[in-house]
Ligand SMILES: [Zn+2]
């Protein structure tokens, strides 16, 4: 299984257009040791020919162009067989609207995420230009299903969604109570090798099911949004704590670094990293702490082969 990180940053990217935090200012001015990152998305393939995108970021056009594996090989063609959504956040879904140029798409999502994106969304009509422009396939947490492309073309990969503590996207918060299907992680299994990827870019906490999915994986991508609970308030960037935004922080006594210290996966990688996270700086003590615990920090262009 080949895994290519197209974008490693949380919503807003790094730097973020309206952010003057020390990281964003520093990276613009070349004054900190850090690399800009686009918003989170990963491409996965069993054969290196057909690819599945995990999430569709607002920067999808640039991300496709940045990776020759995703370039067309015929006058009208795309090696992207399907797109899988882990939640309905705009940094995970807006890219779908950018794929409107009359091309059949397959999208895997829970019914909640599917409805949250399509209902009442007039812009979605741009993906209804012809019959079956988008084929939605339902992800039911706990049920493994083949990952297949347009016309059901098999990929050799199987996928299972795992419900993860999360929350509704900000623009859907008025819909009321949340649901376990609002936010999922993914287990992707390659049939020929038995290798497993666990992809959990947004996790408000660890449940026994999440833990089980992480434990059996050869490679784990996990929520690296915030280093600390009070990261935004401490920088004067609002009042929300990491937990208010359904993100388990990386650092601290109850953070993911401590909670996942006995994880057995040979590759453990933080992704969906907010631009305020000190771990983004190559020479920070937070980066050193993550590295010492065996964790890597995802960057655009990173590749993992399982
Ligand atoms: Zn910033």
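We did not get these values from a lab; they are worked out from the coordinates using the rules stated. Quick caveat, the model's predicted, so the values are computed rather than measured. Cβ placement follows ideal geometry from the backbone for every residue including glycine, while neighbour counts extend to all protein chains displayed.
Descriptive notes on the structure:
- Residues (more than 8 Å from the ligand (Cβ to nearest atom), part of a loop (DSSP other than H, G, I, E, B) and exposed (fewer than 14 other Cβ atoms within 10 Å of the Cβ)) located in region 12-30: 17, 18, 30
- Residue in region 246-267 that is part of a strand (DSSP E or B), within 30 Å of residue 48 (Cα to Cα), touching a residue at least 40 places away in the same chain (Cβ under 8 Å) and away from the ligand (no atom under 16 Å from the Cβ) present: yes
- Cβ-Cβ under 9 Å pairs, at least 6 apart or on other chains, region 126-148 side on the phi > 0 side of the Ramachandran plot, far side part of a loop (DSSP other than H, G, I, E, B): 132/104
- Residue within region 37-59 that is in contact with a helix residue (DSSP H, G or I) (Cβ under 7 Å, 6 or more places away or on another chain), assigned to a loop (DSSP other than H, G, I, E, B), over 30 Å from residue 2 (Cα atoms) and within 15 Å of the ligand (Cβ to nearest atom) present: no
- Here the strands (runs of 3 or more DSSP E) wholly within region 63-162 that include at least 2 residues being closer than 30 Å to residue 36 by Cα are 80-84, 105-109.
- Considering (1) away from the ligand (no atom under 16 Å from the Cβ); (2) touching a residue at least 24 places away in the same chain (Cβ under 8 Å); (3) more than 26 Å from residue 301 (Cα to Cα), the lone condition that residue 192 does not fulfil carries the number (3).
- Pairs where the first residue, in region 228-239, is part of a helix (DSSP H, G or I) and the second is within 13 Å of the ligand (Cβ to nearest atom), C-beta under 6 Å, 6+ apart: 231/276; 232/238
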